[in-house]
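See structure below.
The values are calculated or read from the model by the stated rules, or taken from the named source; none is laboratory data. Every value quoted in this text rests on a predicted model; they were computed, and no experiment measured them. Positions of Cβ are backbone-derived with ideal geometry, glycine not excepted, and every protein chain shown enters the neighbour counts.
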């Protein structure tokens, strides 16, 4: 399946994957990111039950501290 990740098409194995699994696969810290799926910002409590499917769009924004 192909999805749009932050404006770039990427290919994933399978036909669907949960956002939680995708975050683990990408080795992201779930406490330091915001996820937008098909134009809707999702809270972490729904990631496990929200599936990415072919042609979906996902934007992941990371928070970085600094000064």
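Tabulated results
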quantity: Considering residues of region 27-47 that are over 11 Å from the mean Cα position of the chain (by Cα) and surrounded by 10 or more Cβ atoms within 10 Å (Cβ to Cβ) only, the residue modelled with the lowest pLDDT; calculated: 32
quantity: Leading residue by the ranking (nearest to residue 13 (Cα to Cα)) among those in region 43-67 that are in contact with a helix residue (DSSP H, G or I) (Cβ under 7 Å, 6 or more places away or on another chain) and part of a strand (DSSP E or B); calculated: 52
